[in-house]
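Q: Mind looking over this structure? Questions follow.
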Amino acid sequence: MSGFSPIRLLAMLRKESLQMRRDRGTVGITVMLPLIQLFLFGYAINANPRHLPTGLLSAEHSTYERTLVAALQNTRYFDIRPFATEAAAEQALARGDAMFVLDIPPNFSRRIERGERPQVLMDADATDPTAIGNASAAVAALNATVLNRDLPADRQVQPPQPPFDIVLHARYNPEQLTALNIVPGLIGLILTISTLVMTSLAITREREGGTMENLLAMPIRPVEVMLGKIIPYVGLAYVQTSLILTIAVTVFHVPVRGSLLLLLLALGVFIACNLSVGFAISTLARTQMQAQQLAQFGLLPSIMLSGFMFPFQGMPGWARTIGELLPLTHTLRICRGILLKGNGLLQIWPDLWPMGVFALLVGTIAVRMYRETLD
Amino acid sequence: MNALAIDVHDLRKSFGARVVIDGLTMQVPEGEICGFLGGNGSGKTTTIRMLCGLLRPDGGSGTCLGLDLIHDSASIRLQVGYMTQRFSFYGDLTVLENLEFVGRLYRVPGLAGAVRAVMQRFGLADRAGQPAQELSGGWKQRLALAACVLHRPRLLLLDEPTAGVDAKARREFWDMIHEMSADGMTVLVSTHYMDEAERCQRIVYLAGGRLVVQGSADEVVHSANLVTFEATGPGIERAARRLRHLPGVATAAVFGRDLRLAGLDRAALRRAIDSLDEPGLVWKEVEPRLDDVFIQMLNRQEAGT
């Protein structure tokens, strides 16, 4: 029985594929889950939200007020509806029904025309700063010149000419759509969730089903068991990848600026990383319950520290060090790089080789940990 | 005597602080059916697992089919068929698929023909397409045995193969074991059933991880030096209850209309019978049976620990 036998590997592969095909529920979940996650996260996570509910308190209705409201609406950040009383507006803000309350003081137009510079109060719900950040910036940009057309000529603001202009050029994602950042990241995340959790159950299922004892008593090598269990999941992972990519391109209009083939190859290395972690967990855990928990334990740092959740550059040094060790971190960069920036092998290489090393290292450890006896 | 299929000396195995096998020495000649007996937790399963390389012995030495237990466990696996105590096939695969999987792992030549032959032999042909989890207990045992012998092993290790199976299926199963034996396979089969032990050419009795006795059923019965009396008549239940507490009595139990009394000292047993003062009972001395011997051994073991 010494050495590696392709016949035995093939037997293992055939058995695993049969079991996978019989288990229609799991296959269904592995296809449906990424779709649901993609739509959920792709649409739900938006760091630049628009159409924020905004209350309007207005003591009088004037041309100036109408122009101001229209200008705010035009930024698309605000959906404005009037409130009758201050108390009602306060309620709405507290309940979260309104993110902003715009309070236009009495005698607004008269005081404007007298040049008294009346103050318009904008109450904002700042519990989530990122949600109101861009909207607030839009207000600041607005107020200097918004009323120029309505004002008598002598009141019109002549903004001083700044000595230079800064032109912001939003590269790769000019409209700064969050989906373009989120969706390529989701490819990595969804693959992590499905492959890690699925393979972490591979050996524990044999152990709990009592079939492990029989498998061990038969002449099969650890590496044959591991490959036999992993390869079917690689196939499944690529089915998921194609699904996600198709939706990313057709529904979320994520551009494919680089080579799709290169992306698939890089994702292959990433999948190998996850599968070897999953297999290692599987040999370590005694029960399926333990395996699930271990897999989730591995998943959380991946989500938090890979740059998926928070910008990688904003994390403290130690967190970035941990992040660099996680395959998902590198995959996020590769996905975003190839899809959005059109990166080639040269540019992704610094993120590709660490994953290769990772897969090899963890894979070796996993095979070593696989016990050929019941001790 | 034939060559030895199993020959182990002073085998030891502990799990943590718990000593399970405590210096076991036993021999099984090739071609024999050997019943492996002993109470629960006496170390039968652990011994079988060490024989097929699933557990590494802590100490001692031994050979299985002439191969070293520790160094040649890979070669041993190829020539041994091991049937686990718990059904250990894939419930979501069919009978045929399970057998094919096992056959491929052993690289059985002419797999399709070999699988067909083994299914014919064990009456599984009609159920080839049935998922293993839908088989009843008796049929699961048949599938397990079929998978064990598919690669034509020289030694079969069967761990309580008939536990929880009805009498008819048990009898058929034992007929199959004898067929395997006729083909030249050596069989080591653990069991708790006395009728099964009596169908073995050889018995190995284990207690507390040590060998208590080994030999043919007759040899085991004689070596126990047990004296057995039998009584019939009214009030045997009451008599049995009282006898159990008297000196010299190893066992006193009612079987249908008979009361069987066993012990090592004939005079002490007679004194016990006389002290009963039950004139309605008619006593006679009879040949001890295997179950008398085992119950006496189990009792002695419990008293000793």
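The values are calculated or read from the model by the stated rules, or taken from the named source; none is laboratory data. Note that the structure is predicted; figures quoted are calculated from it, not measured. Positions of Cβ are generated from backbone atoms using ideal geometry, with glycine treated the same way; all protein chains shown enter the neighbour counts.
Results for (1) part of a helix (DSSP H, G or I); (2) under 20 Å from B:ARG86 (Cα atoms); (3) without any contact (Cβ under 8 Å) to a residue 24 or more places away in the chain, shown as yes or no for each residue.
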position	(1), (2), (3)
B:ALA117	yes, no, yes
B:ASP126	yes, no, yes
B:ALA144	yes, yes, no
B:HIS151	no, no, no
B:LEU156	no, yes, no
B:THR162	no, yes, no
B:VAL165	no, yes, no
B:ARG170	yes, yes, no
B:ILE177	yes, yes, no
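Q: Looking only at the range B:243-267, which residues are in a helix (DSSP H, G or I) and surrounded by fewer than 15 Cβ atoms within 10 Å (Cβ to Cβ)? Working first, answer last.
A: Within the range B:243-267, the first condition is being in a helix (DSSP H, G or I), and the residues that meet it are B:243, B:266-267.
If the condition is that a residue be in a helix (DSSP H, G or I) and surrounded by fewer than 15 Cβ atoms within 10 Å (Cβ to Cβ), then B:ARG266, B:ALA267 are the ones that fit.
Q: What are the pairs with Cβ atoms under 8 angstrom where one residue, in the range A:61-87, is in the same structural domain as A:ALA135 (by TED's automatic domain parsing) and the other, located anywhere, is of a type in the set (D, E, K, R) and surrounded by 15 or more Cβ atoms within 10 Å (Cβ to Cβ)? Sequence gap at least six, or different chains.
A: From the range A:61-87, the pairs are A:THR63/A:ASP150; A:TYR64/A:ASP150; A:THR67/A:ASP150; A:GLN73/A:ASP79; A:GLU86/A:ASP103.
Q: Here is a further query. Looking at this structure, is B:ALA239 outside any helix (DSSP H, G or I), in contact (Cβ under 8 Å) with a residue 40 or more places away in the chain, aliphatic (A, V, I, L, M) and more than 28 Å from B:SER42 (Cβ to Cβ)? First the steps, then the outcome.
A: Details: outside any helix (DSSP H, G or I): no; in contact (Cβ under 8 Å) with a residue 40 or more places away in the chain: yes; aliphatic (A, V, I, L, M): yes; more than 28 Å from B:SER42 (Cβ to Cβ): yes.
When the stated conditions are applied, B:ALA239 does not pass them.
Q: Okay, moving on. Looking only at the range B:105-114, decide whether some residue is more than 9 Å from chain A (Cβ to nearest Cβ), in contact (Cβ under 8 Å) with a residue 40 or more places away in the chain, of a type in the set (A, V, I, L, M, F, W, C) and assigned to a helix (DSSP H, G or I).
A: Of the residues in the range B:105-114, the ones more than 9 Å from chain A (Cβ to nearest Cβ) are B:108-114.
In the following step, the residues that additionally are in contact (Cβ under 8 Å) with a residue 40 or more places away in the chain were identified as B:108.
Among the residues that remain, those that are also of a type in the set (A, V, I, L, M, F, W, C) are: B:108.
Narrowing further to those that are assigned to a helix (DSSP H, G or I): none.
No - not one qualifying residue is present in the range B:105-114.
Q: So B:ARG104 ticks every box in (1) charged (D, E, K, R); (2) buried (at least 23 other Cβ atoms within 10 Å of the Cβ); (3) more than 20 Å from B:MET185 (Cα to Cα) but one. Which box is left unticked?
A: Here B:ARG104 meets the rest and fails (2).
Q: Oh, and also: Out of the range A:102-141, which residues are within 17 Å of A:PRO49 (Cα to Cα), surrounded by 12 or more Cβ atoms within 10 Å (Cβ to Cβ) and not polar (S, T, N, Q)?
A: A:ALA124, A:ASP125, A:ALA131, A:ILE132, A:GLY133, A:ALA135, A:ALA137, A:ALA138, A:VAL139
Q: From the residues in the range A:201-229 that are at pLDDT below 85 and of a type in the set (A, V, I, L, M, F, W, C), which one is surrounded by the most Cβ atoms within 10 Å (Cβ to Cβ)?
A: So, considering only residues that are at pLDDT below 85 and of a type in the set (A, V, I, L, M, F, W, C), the one surrounded by the most Cβ atoms within 10 Å (Cβ to Cβ) is A:ILE203.
Q: If I filter the range A:207-221 down to residues being closer than 12 Å to B:TYR82 by Cα and in a helix (DSSP H, G or I), which single residue comes out as farthest from the other protein chains (Cβ to nearest Cβ)?
A: For the range A:207-221, the residue satisfying everything is A:LEU215.
Q: Still on this structure, please answer the following. Taking the residues in the range B:268-285 that are in contact (Cβ under 8 Å) with a residue 40 or more places away in the chain and in a loop (DSSP other than H, G, I, E, B) as candidates, determine which candidate is surrounded by the fewest Cβ atoms within 10 Å (Cβ to Cβ). Quick ask: steps written out before the conclusion?
A: Our first condition is that a residue be in contact (Cβ under 8 Å) with a residue 40 or more places away in the chain; within the range B:268-285, this holds for B:269, B:273, B:278, B:280-285.
Narrowing further to those that are in a loop (DSSP other than H, G, I, E, B): B:278, B:280-281.
Working: B:GLU278: 18, B:GLY280: 11, B:LEU281: 16.
Of everything passing the filter in the range B:268-285, B:GLY280 is surrounded by the fewest Cβ atoms within 10 Å (Cβ to Cβ).
Q: Name the one entry in B:LEU69, B:LEU11, B:LEU55, B:LEU51 that is farther than 25 Å from B:GLY137 by Cα, buried (at least 16 other Cβ atoms within 10 Å of the Cβ), more than 14 Å from every other protein chain (Cβ to nearest Cβ) and of a type in the set (A, V, I, L, M). Walk me through how you get there before you give the answer.
A: Details: B:LEU69 fails: more than 14 Å from every other protein chain (Cβ to nearest Cβ); B:LEU55 fails: more than 14 Å from every other protein chain (Cβ to nearest Cβ); B:LEU51 fails: more than 14 Å from every other protein chain (Cβ to nearest Cβ).
On inspection, the qualifying residue turns out to be B:LEU11.
Q: Let me ask something else about it. If you check A:VAL251, A:VAL239, A:VAL225, A:VAL234, which single one turns out to be more than 14 Å from chain B (Cβ to nearest Cβ), over 18 Å from A:LEU38 (Cα atoms), in contact (Cβ under 8 Å) with a residue 24 or more places away in the chain and among the aliphatic types (A, V, I, L, M)? I'd like the intermediate steps shown before the answer.
A: Values: A:VAL251 fails: over 18 Å from A:LEU38 (Cα atoms); A:VAL239 fails: over 18 Å from A:LEU38 (Cα atoms); A:VAL225 fails: more than 14 Å from chain B (Cβ to nearest Cβ).
It is A:VAL234.
Q: Yes or no: B:CYS34 more than 12 Å from the chain's Cα centre (by Cα) and assigned by TED's automatic domain parsing to the domain that holds B:VAL187? If you could, list the steps in order and put the result at the bottom.
A: Values: more than 12 Å from the chain's Cα centre (by Cα): no; assigned by TED's automatic domain parsing to the domain that holds B:VAL187: yes.
Considered against the rule, which asks whether it is more than 12 Å from the chain's Cα centre (by Cα) and assigned by TED's automatic domain parsing to the domain that holds B:VAL187, B:CYS34 comes out as no.
Q: Additional query: Out of the residues in the range B:47-66 that are in contact (Cβ under 8 Å) with a residue 60 or more places away in the chain and either not in a helix (DSSP H, G or I) or not aliphatic (A, V, I, L, M) (or both), state the one that is farthest from B:VAL204 (Cα to Cα).
A: To start, the set of residues in the range B:47-66 that are in contact (Cβ under 8 Å) with a residue 60 or more places away in the chain comprises B:47-48, B:51-52, B:64-66.
Subset that is either not in a helix (DSSP H, G or I) or not aliphatic (A, V, I, L, M) (or both): B:47, B:52, B:64-66.
Working: B:THR47: 12, B:CYS52: 18, B:CYS64: 16, B:LEU65: 18, B:GLY66: 20 Å.
Among residues in the range B:47-66 that are in contact (Cβ under 8 Å) with a residue 60 or more places away in the chain and either not in a helix (DSSP H, G or I) or not aliphatic (A, V, I, L, M) (or both), the one farthest from B:VAL204 (Cα to Cα) is B:GLY66.
Q: Also: Only one of A:PHE310, A:PHE279, A:PHE297 is out of contact with any Gly (no Cβ under 9 Å at 6 or more places or on another chain) and within 18 Å of A:LEU201 (Cβ to Cβ). Can you tell me which? Before the answer, list the steps.
A: Working: A:PHE310 fails: within 18 Å of A:LEU201 (Cβ to Cβ); A:PHE279 fails: out of contact with any Gly (no Cβ under 9 Å at 6 or more places or on another chain).
From the options A:PHE310, A:PHE279, A:PHE297, the qualifying one is A:PHE297.
Q: Of the residues B:TYR90, B:TYR82, only one is within 30 Å of B:PRO131 (Cβ to Cβ), within 17 Å of the chain's Cα centre (by Cα) and either in a strand (DSSP E or B) or within 14 Å of chain A (Cβ to nearest Cβ) (or both); which?
A: Numbers: B:TYR90 fails: within 17 Å of the chain's Cα centre (by Cα).
Selected residue: B:TYR82, the only one of B:TYR90, B:TYR82 that is within 30 Å of B:PRO131 (Cβ to Cβ), within 17 Å of the chain's Cα centre (by Cα) and either in a strand (DSSP E or B) or within 14 Å of chain A (Cβ to nearest Cβ) (or both).
Q: Keeping to the range B:215-242, report how many residues are crowded, with 19+ Cβ neighbours inside 10 Å and within 19 Å of B:MET297 (Cβ to Cβ).
A: The qualifying residues number 8.
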